[in-house]
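The values are calculated or read from the model by the stated rules, or taken from the named source; none is laboratory data. These numbers were taken from a predicted model, which means no experiment stands behind them. Here the Cβ positions follow ideal geometry from the backbone for every residue, glycine too, while neighbour counts run over all protein chains shown. Side chains included, ligands, DNA and RNA excluded: accessible areas come from the protein's heavy atoms. Shrake-Rupley method; radii C 1.70, N 1.55, O 1.52, S 1.80 Å.
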Amino acid sequence: MNNTFELSRFKKVIVYDFHQYLHRFGIVLAILIGISTLGTWITSLSFDSFTNIIEEDINVSPFIRYMTISYMFWLAIWIAPAWIYGFINMKKDGPQYATLPASYLEKFLSILFYTLIVTPVAFEGGCYIVDTLLTLLPWGGYNEFIWNLDTNELIKMFDTVPEFDYDFPTIIRYSIYGIISMISSSAFMFFTSTIFKKHKISKTFGICVILSFVGLIAFFASLPSVIEYIDENITLDNHIDEYFEERLMPMFMNASIIFCIVETVVCYLWGYHRMKKMKF
C-alpha cells in the first residue's frame, strides 16, 4: 500500500492533517500575519503621533505594505514543512503518523497540499483581510487599500539600471522564477526535516548560510574569468548593458530556474524515500 492512492483514504489524511495544521501551525501563521500587517500599522501610529506635531499626515503606501507581506510570505512558506510535519521522524509522534491507515503517497500529497497550497492561500488571504480592516479604521497610516498598488512601483524595483527595459514578459519570467524558488525552498526544508531530529529550522538556516558562503567564494573566484569572457564578447556594436540584458541575465535566469527545478525534484524524491524508510 506504500505507493497506492485511494481517494477515500486521501480525504481522511487531509482531515487528519487539517487538525494537525491548526494545532501545530495555526498560532504561528496568525503571528506571521500579525507581524506583516499589524506591525507596520502600529509603526505608522508611532510616526503619525510624531508628524502631528509638524501638522503632516503619514501615509504607508500599498507598495510598502505589499513588500512587507511578501517578505513574511517567504518566511511562512519556508518554515511550514518543518513546523507542521517536523514530528514525522520523532519518537513521540512519528510512529502514530507512520501507522495511519493510508499510503505514504497519500500522506506525501497531503504534505504538498498543506505546505504549497493551504499555507500560501491562508497567509495571503489573512494578510489582505487584516490589511483591509486596518485601512477602514479612521486612524493609522493606512489611507489606501492594498489592492490599489501601483504596479509601476513594483516594476521600478526591478529596474535598478535605467537602460534596462523590464517589460511584461520579463516580469513574468521573474514571477515564474519566484514561484519555482519558493517551491524549492519548501522542498529543501521538507527534506532536512526528515534528517534532523531537533532544531530543524535553525540547522537548515545554518546549512543555507554555509552554502551561500561557499557560493559567494566560488563567485569571486570565477569573477576574473567572467570579466575576461565579457571583454572578449563585447564589441563596439554590442554595449555592455545590452549584452548583460540580452545574454547574461537570461542565461543566469534560466540556469537558476533549472537549478531550482532539479533541487525541488531531488529534495522531494529523497525526502519521500526517507519518509517511507523512517525508523524510530
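Kindly indicate the residue of the stretch 114-136 that is aliphatic (A, V, I, L, M) and without any contact (Cβ under 8 Å) to a residue 60 or more places away in the chain and also surrounded by the fewest Cβ atoms within 10 Å (Cβ to Cβ) among those meeting that condition.
Filtering first and then ranking leaves LEU136.
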Across the stretch 73-106, the tally of residues that are among the polar types (S, T, N, Q) and either in a helix (DSSP H, G or I) or under 22 Å from the mean Cα position of the chain (by Cα) (or both) stands at 2
Considering the stretch 1-24, residues that are touching a Leu at 6+ places or on another chain (Cβ under 8 Å) and among the polar types (S, T, N, Q), and then whichever is surrounded by the fewest Cβ atoms within 10 Å (Cβ to Cβ), we arrive at ASN2
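Output the residue which, of all residues in the stretch 87-101 that are open to solvent by 10 Å² or more (accessible area, probe 1.4 Å) and touching a residue at least 40 places away in the same chain (Cβ under 8 Å), is farthest from LYS197 (Cα to Cα).
Looking at residues that are open to solvent by 10 Å² or more (accessible area, probe 1.4 Å) and touching a residue at least 40 places away in the same chain (Cβ under 8 Å), I get PRO101.
Residues are listed down the side, and each one gets a yes or a no for (1) exposed (fewer than 11 other Cβ atoms within 10 Å of the Cβ); (2) over 20 Å from the mean Cα position of the chain (by Cα); (3) at pLDDT below 85:
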{"site": "ILE210", "(1), (2), (3)": "yes, no, no"}
{"site": "LEU223", "(1), (2), (3)": "yes, yes, yes"}
{"site": "THR235", "(1), (2), (3)": "yes, yes, yes"}
{"site": "TYR243", "(1), (2), (3)": "no, yes, yes"}
{"site": "ASN254", "(1), (2), (3)": "no, no, yes"}
{"site": "ILE258", "(1), (2), (3)": "no, no, no"}
{"site": "VAL265", "(1), (2), (3)": "no, no, no"}
{"site": "TYR272", "(1), (2), (3)": "no, yes, no"}
{"site": "LYS276", "(1), (2), (3)": "no, yes, no"}
Open item on the list: Take the conditions within 26 Å of LEU136 (Cα to Cα), surrounded by fewer than 18 Cβ atoms within 10 Å (Cβ to Cβ), modelled with pLDDT under 90 and out of contact with any strand residue (DSSP E or B) (no Cβ under 6 Å at 6 or more places or on another chain) and apply them to ILE27. Does it pass?
Closed with: no
Checked ILE111, ILE64 against criteria (buried (at least 22 other Cβ atoms within 10 Å of the Cβ) and either outside any loop (DSSP other than H, G, I, E, B) or not aromatic (Phe, Trp, Tyr) (or both)); the one match is ILE111
Checking SER175, SER70 in turn, the sole residue that is at pLDDT below 80 and within 15 Å of the chain's Cα centre (by Cα) turns out to be SER175
